[in-house]
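Since every read-out is calculated from the coordinates, none of them should be taken as a lab result. Being a predicted model, the structure only gives us computed values, none of them experimental. Neighbour counts run over all protein chains shown; Cβ positions are idealised from the backbone, glycine included.
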Amino acid sequence: MVDADWWLLRRFQHTAARHRGLHGAGQFFCDLGNAQIAVPLLAAAIGASAWRGRRAGLSRWWARPLAAVLAMAAVPLIVSVTKTLIARPSPGHHRLGPGSYPGFFPSGHTASASVALGAAALLVLPLVRSTALRRLLAAAVLLVVAAVGVSLVWCGYHWPLDVLGSWCLCAALLSGVAMTPAGSADDSAGQARGTDLPGAAGEGEGEGVSCSSGSPG
């Protein structure tokens with residue numbers, strides 16, 4: 001893997017040197033991984049999802065937005081600890097230089113952008129009624145996430161494996177968000193109907209008396 005990482009890095013460096021005009025576009029996508037951009041985007045999606053879920057009367061409307069918050073909060077903790085433990089040098093170098101970052105694996109910008117955009121998509125897509133628009137938004141998110149990772153290697157900020165590691169982390173965190181129940185209006189309605197049934201409490205009390213009277217003394 002390390003040999004392949006070196007080979008890919010060189011290919012990126014040679015190609016970037018021949019196409020310097022694309023550096024501006026690459027830097028734009030790199031900046032999307034900044035917390036100042038990624039976190040507000042996710043916060044807007046969390047707010048929209050929570051507001052729509054509560055307004056619709058969904059049970060556990062807060063569960064998936066909370067899972068998205070926890071996933072995003074886990075990114076800087078996991079990334080910083082992993083960087084310190086692995087202490088990988090910057091692209092093209094064999095050891096960390098004095099006064100440099102604690103490490104470059106995994107890529108924090110890739111992880112921030114991937115988790116923020118991915119979690120936002122998981123929260124917002126269920127609110128979109130058009131199937132075609134949902135597919136378009138999902139494809140756009142995947143393309144932007146891929147562009148961020150590729151641009152970080154293109155501009156020389158990270159090794160290819162740094163980006164790949166962050167994508168794996170993103171997949172793990174977003175799996176937790178996706179598996180979190182989003183709540184259901186049917187569940188809330190069913191609970192309300194069950195408690196409003198005439199004689200529901202009386203039947204339960206009657207059954208309790210019958211059981212106690214038949215128990216051994």
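See the values below:
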item	result
Cα centroid of region 103-142 to Cα centroid of region 21-84, whole Å	9 Å
Nearest-0.05 FRET efficiency for Arg55 and Ser175, computed from C-beta distance (R0 25 Å)	0.35
For region 60-116, convex hull volume per residue from C-alpha positions, Å³	69 Å³
Kirkwood-Stokes translational diffusion coefficient of region 102-144, alpha-carbon pairs, 4 °C, 1.567 mPa s, µm²/s	113 µm²/s
Directionally averaged shadow of region 1-127, computed from the convex hull of its alpha-carbon atoms, nm²	10.0 nm²
Rg in Å to one decimal, and Dmax rounded to a whole Å, for region 76-171 via C-alpha atoms	15.6, 54
Relative contact order computed over region 1-112 (Cα-Cα under 8 Å; 6+ residues apart), in percent	27 percent
